[in-house]
1. Considering only residues that are surrounded by 14 or more Cβ atoms within 10 Å (Cβ to Cβ) and touching a residue at least 12 places away in the same chain (Cβ under 8 Å), which ones fall in segment 47-61?
2. Among the numbered criteria (1) at pLDDT 80 or above; (2) in contact with a strand residue (DSSP E or B) (Cβ under 8 Å, 6 or more places away or on another chain), which one does residue 121 miss?
3. Within segment 65-82, can you find the residues that are at pLDDT 75 or above and crowded, with 17+ Cβ neighbours inside 10 Å?
4. Please determine, by comparing only the residues of segment 123-137 that are in contact (Cβ under 8 Å) with a residue 24 or more places away in the chain and part of a strand (DSSP E or B), which one is farthest from residue 101 (Cα to Cα).
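The values are calculated or read from the model by the stated rules, or taken from the named source; none is laboratory data. Model, not experiment: these values are computed from the prediction. Note: ideal-geometry Cβ built from the backbone for every residue, glycine included; neighbour counts use all protein chains shown.
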């Protein structure tokens, strides 16, 4: 299902999901280079060990990227004319009509896992007109400036729909 023109998507950029390869790629090249140097110095298994370590590092980066992409990185928020939609793999699994939403706030979540330095997983806290609170699943929002930008977009949409304009 293609996004309509009146929809605004809050989703992770694919290039941000691949960021572990920026670190682990050079580490793998360094491991293979050290193995080649060890082989040249007379160590018979140096290149084999270097290749093993290099391939292991690349596989670790691929697994980490896949897990982030499939679990929390698969959720996106769509600000459509009819309301706020949460989608996973293109399917709507939660919908909140603008008339039912009193306020919505983006709360920066924990880093997942804790030793991660670049990916933040935020949550939307939605307060309905009846006073009930709803939390969204985690959404991959990379930088704190992105969290601020998402909050600004949510505020603009809420003001627009509270005023009654489409």
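1. The answer is 47, 49, 50, 51, 53, 54, 57, 58, 60, 61.
2. The single condition residue 121 does not satisfy is (1).
3. 65, 75, 76, 77, 78, 79, 80
4. My answer is 124.
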